Amino acid sequence: MIAKELISPKSIVVVGGTDNIHSPGGKVLKNLIDGNFAGPLYIVNPKKDEIQGLKVYATVEDLPQVDLAIMAIAAKFVPDAVKTLTKQKGTRGFIVLSAGFSEESHQGAVLEHEIVEQINSVNGSLIGPNCIGLLNTNYNGVFTTPIPSLDPFGVDFISGSGATAVFIMESGVPKGLKFNSVYSVGNSAQLGVEEILEHLDTTFDPRTSSKVKLLYIENVNKPDKLYRHAASLIQKGCRIAAIKSGGSEAGSRAASSHTGALASPDKAVDALFKKAGIVRCHSREELTTVASVFMHPPLTGKRIAVITHAGGPAVMLTDALSNGGLEVPHIEGEKAKVLLEKLFPGSSVANPIDFLATGTAAQLGDIIDAVNNDFDHIDAMVVVFGSPGLFPVYDVYDLLDQKMKASKKPIYPVLPSIVNVADEIKHFIAKGRINFPDEVLLGQALAKVYHTDAPTAKAEQAHLVDTKAIRAIIDKADNGYLSPEKLVELLDAAGISRAGEAVVNSASDAVTQAVKLGFPVVMKVVGPVHKSDVGGVVLNVKTEEKVREEFDRMIQIKDTTAILIQPMLSGTELFVGAKREDKFGHMVLFGLGGIFIEVLGDVQTTLIPVSKSEALDRLSQLNSYGIIKGVRGQAGVNQEQFAEIVERVSALVSVAPEIFEMDLNPLLGSPDRVVAVDARIRIER
């Protein structure tokens, strides 16, 4: 639990407060004063008797009892000050603005550890060090601007970067986005993004708590905790959007399997966010636009009316909505004709509903009423209304505000004339409204929010597989790839359907096994990773003579230790793989297989455990889903069996976390069954 002295202190001391408002110690003091902090405000500075009109104490030893200390002094002086405050002054809340700790040197890390140990000894809470501070409706404990409009139902924002927190607030404030709290966790010495999210979850009250959370994350240190509390908050009615920066990788890393090539730490972040129900964003503007969408009633459908007095923005918005998988349905019929008669000649109600540059507030009201009451195939509306600068538009924005209060369907205002009618927009925002100045960003944000699923529940899966048999194989296995014999045993223990096969070391054995399996057969080298690249796969072998010929050729291929023979099967090539990622655990990936995985890279990625229902849902999100479903006379795939194999792979790696990566590629899928034809499993403890 976070100490109440950090969240709602009754008294605050700024250690290192000054008159210089261009320094952290001076600016945080000014912000506290300007924010009208309700309790006693103390300052420690050995050089002055009065600073910014307040009495000053020469040392922390001279202070009375104090709840919260904001430290703006050199790093080397912080540990002693913290020790005095915790032991003598009853201080349990700490914000260390100062830099010079673990982000800078080993010695700084030692100081940081000392501070945390001291604060922990009194069950205190620390924000920082190396941060801009903490801002909430109780006090302005930051040394930066802007200080946004604070509202208990505004955004709770947690940032791993102080400067980025400022820039995100600067993006949100002009739109009218309000904040309830801003946590800049800095080095996260004690409290990181995950701990703050946990606090927001465990203290959540649906009557009084903000229902919108924003995260800027540089490192996901505790993915399980992040998932658990994000999913919990969303299930309680909250909505969460996040940026996770640092997702690209310089250069390509060597990978020994298709899964290894496709999986990455950033894919793990994507999977985590998707499983938790977090909307992932990639820029400040996108984050604050998504947050602004969250501040409106949620979309209940994907059919949007675009209401505009300017053609260009309407076309760009329509493109953004359509490209994002939302719809701008055609509007026609008698009620459309009635609406058109209320507009100026040349207007259109086909959707976009264009009521021309000369359109009036009254006409806008008629349009909104019609969309609300007459067109049941519309779920929400976007109103685009700016100004060429010829006349004020207060009446339009006042009417828009009134209609938004009464509307049965969400209304998203796009007011793009931020210069020509800046005063009118300010007037609109003062009513508690939010503006979307860029229609394309709004369209993209609406699509992203609409297509973000609810959190996926975690479930135990060990009962799906033969745990005892799996552990017997894994416990005896060395690091590296499992032998074909052990691999077969492992797949059988996991209940994963596979093709019949035989591993042979001589031409005569090859012929015997081929006859037993039945012609035609497939022959593959055992050993090389990418068999096709070295001529290590031969299909449709129909005679004993061809078996001997191919065995003699293939056994000579570099790194080949044996030849695998399987019956020649047909079907759609599929892929299922798993990869262990540091901190995140195992990812499971699935989609089309064979060469398609290299050419298209069209896979779904999720974190274990993966249920059958989740796998089925994810299958439908593949770009290539039409092939899996069956298209133009081509037989589809048994999706139930495909999803069950995904579920069993999830169960297998949960029982055997020593599996570093595995490929089932290809599986062959038909309407009747899905079977594994080739597999590789690598153990790494």
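The values are calculated or read from the model by the stated rules, or taken from the named source; none is laboratory data. What you see is a predicted model; the values in this text were computed from it and never measured. Backbone-built Cβ (ideal geometry, glycine too); neighbour counts: all protein chains shown.
When we screen Leu490, Leu539 for residues that are surrounded by fewer than 18 Cβ atoms within 10 Å (Cβ to Cβ) and under 21 Å from Ala676 (Cβ atoms), the only hit is Leu539. Within the range 38-55, residues that are more than 17 Å from Ile73 (Cα to Cα) have Cβ atoms under 7 Å from residues that are in a loop (DSSP other than H, G, I, E, B) in these pairs: Gly39/Pro9; Gly39/Lys10; Gly39/Ser11; Pro40/Ser11; Gln52/Asp19, counting only partners at least 6 apart in sequence or on another chain. Cβ separations smaller than 9 Å between residues 6+ apart or across chains give the following pairs from the range 85-103 residues that are under 12 Å from Val116 (Cα atoms) to residues that are aromatic (Phe, Trp, Tyr) and not in a loop (DSSP other than H, G, I, E, B): Thr86/Phe94.
For the range 632-654, the candidate set comprises residues that are closer than 19 Å to Val603 by Cα and part of a loop (DSSP other than H, G, I, E, B); within that set, the residue that is modelled with the lowest pLDDT is Gly636. Identify all residues within the range 403-417 that are surrounded by 14 or more Cβ atoms within 10 Å (Cβ to Cβ) and either closer than 20 Å to His296 by Cα or in contact (Cβ under 8 Å) with a residue 40 or more places away in the chain (or both); write none if there are none. The answer is Lys403, Met404, Ser407, Lys409, Pro410, Ile411, Tyr412, Pro413, Val414, Leu415, Pro416.
Listed here are the residues, each with its yes/no results for (1) crowded, with 19+ Cβ neighbours inside 10 Å; (2) without any contact (Cβ under 8 Å) to a residue 12 or more places away in the chain; (3) more than 28 Å from Gly277 (Cβ to Cβ).
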position	(1), (2), (3)
Asn420	no, no, yes
Lys426	no, yes, yes
Arg433	yes, no, no
Phe436	yes, no, no
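Of all residues in the range 144-185, those that are touching a Gly at 6+ places or on another chain (Cβ under 6 Å) and crowded, with 24+ Cβ neighbours inside 10 Å total 3.
Within the range 159-178, being in contact with a helix residue (DSSP H, G or I) (Cβ under 7 Å, 6 or more places away or on another chain) and either in a loop (DSSP other than H, G, I, E, B) or closer than 21 Å to Leu32 by Cβ (or both) holds for Ser159, Gly160, Gly176, Leu177.
Under the condition of being within 17 Å of Ile645 (Cα to Cα) and in a loop (DSSP other than H, G, I, E, B), which residue from the range 595-619 is farthest from the chain's Cα centre (by Cα)? Ranking the qualifying residues of the range 595-619, first place goes to Ser611. Evaluation of Asp552 against the conditions (1) of a type outside the set (A, V, I, L, M); (2) modelled with pLDDT of 95 or more; (3) within 29 Å of the chain's Cα centre (by Cα) shows that the sole unmet condition is (3).
The residue of the range 453-491 that is nearest to Arg239 (Cα to Cα), among those that are among the charged types (D, E, K, R) and either touching a residue at least 24 places away in the same chain (Cβ under 8 Å) or touching a helix residue (DSSP H, G or I) at 6+ places or on another chain (Cβ under 7 Å) (or both), is Asp453.
Exactly one residue out of Leu622, Leu574, Leu589 is free of Cβ contacts under 8 Å to residues at least 40 places away in the same chain, crowded, with 16+ Cβ neighbours inside 10 Å and either of a type in the set (Gly, Ala, Ser) or touching a Leu at 6+ places or on another chain (Cβ under 9 Å) (or both), and it is Leu622.
Hey, Val220 hits all of (1) modelled with pLDDT under 95; (2) over 14 Å from the mean Cα position of the chain (by Cα); (3) among the hydrophobic types (A, V, I, L, M, F, W, C) but one; which does it fall short on? Condition not satisfied by Val220: (2). The helices (runs of 4 or more DSSP H) found wholly in the range 415-494 and carrying at least 3 residues that are farther than 30 Å from Gly312 by Cβ, at pLDDT 95 or above and of a type outside the set (A, V, I, L, M, F, W, C) occupy 467-476. From the residues in the range 655-670 that are outside any strand (DSSP E or B) and at pLDDT 95 or above, which one is nearest to the chain's Cα centre (by Cα)? Checked the range 655-670; the qualifying residue nearest to the chain's Cα centre (by Cα) is Pro657. Residue check: Ser252 meets all listed conditions (1) surrounded by fewer than 22 Cβ atoms within 10 Å (Cβ to Cβ); (2) at pLDDT 95 or above; (3) of a type in the set (Ser, Thr, Tyr) but one, namely (2).
For every residue, the table says whether it meets (1) assigned to a loop (DSSP other than H, G, I, E, B); (2) at negative phi; (3) among the small types (Gly, Ala, Ser).
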site: Pro148; (1), (2), (3): yes, yes, no
site: Gly154; (1), (2), (3): no, yes, yes
site: Val182; (1), (2), (3): no, yes, no
site: Arg207; (1), (2), (3): yes, yes, no
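From the list Val529, Val503, Val515, Val522, the lone residue that is under 13 Å from Ala562 (Cα atoms) and either assigned to a helix (DSSP H, G or I) or at pLDDT below 95 (or both) is Val503. Just one of the listed residues (Asp663, Asp678) is closer than 22 Å to Ile474 by Cβ and touching a Pro at 6+ places or on another chain (Cβ under 7 Å), namely Asp678. The strands (runs of 3 or more DSSP E) found entirely in the range 1-107 that carry 3 or more residues being at pLDDT 95 or above, under 30 Å from Thr202 (Cα atoms) and touching a helix residue (DSSP H, G or I) at 6+ places or on another chain (Cβ under 8 Å) are 12-15, 68-71, 93-96.
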